[in-house]
Amino acid sequence: MTITKNLDGTKLTIALEGRLDTTTSPQLEAEMHPAIDDATELTFDLEKLAYISSAGLRVLLSAQKIMNKQGSMTIKNVCPEIMDIFDVTGFVDILNIEN
């Protein structure tokens, strides 16, 4: 998985490419947590994300909980396959998803 971070003031954008699963979730957590500390706006760009597992969903939920306390979080460019996963798991009701 490729993780691209862009911090513009307090606005952090994290673009993910590849698969977010049990193997790659720890990598995202390790890169996300130091960067998220000073952010008031967090955006995940999932345009190039091909797959997400329950471990990946857990990382997004963790980020959402943090951002609920210090700002806002948005997920954008979600492909239909991952949107189906968000829908089935009920994450569409938890996450702010823009397409």
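The values are calculated or read from the model by the stated rules, or taken from the named source; none is laboratory data. These numbers come from a predicted model, not from an experiment. Cβ placement follows ideal geometry from the backbone for every residue including glycine, while neighbour counts extend to all protein chains displayed.
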>> Quick check on residue 67: is it modelled with pLDDT of 95 or more, part of a helix (DSSP H, G or I) and either surrounded by fewer than 17 Cβ atoms within 10 Å (Cβ to Cβ) or not hydrophobic (A, V, I, L, M, F, W, C) (or both)?
In response: no
>> Every residue in region 70-90 that is closer than 18 Å to residue 13 by Cα, β-branched (Val, Ile, Thr) and not in a strand (DSSP E or B), please.
In response: 78
>> Give me the residue from region 6-51 that is β-branched (Val, Ile, Thr) and under 10 Å from the mean Cα position of the chain (by Cα) and, out of that set, nearest to residue 73 (Cα to Cα).
In response: 43
> If you go through region 70-99 one residue at a time, how many are crowded, with 18+ Cβ neighbours inside 10 Å, in contact with a Leu (Cβ under 7 Å, 6 or more places away or on another chain) and of a type in the set (Val, Ile, Thr)?
Replying inline: 3
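Residues in region 3-46 that are hydrophobic (A, V, I, L, M, F, W, C) and in contact with a Phe, Trp or Tyr (Cβ under 6 Å, 6 or more places away or on another chain): how many?
1
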> Taking region 7-63, which residues are surrounded by fewer than 18 Cβ atoms within 10 Å (Cβ to Cβ) and assigned to a loop (DSSP other than H, G, I, E, B)?
Replying inline: 9, 10, 21, 22, 23, 37, 38, 40, 53
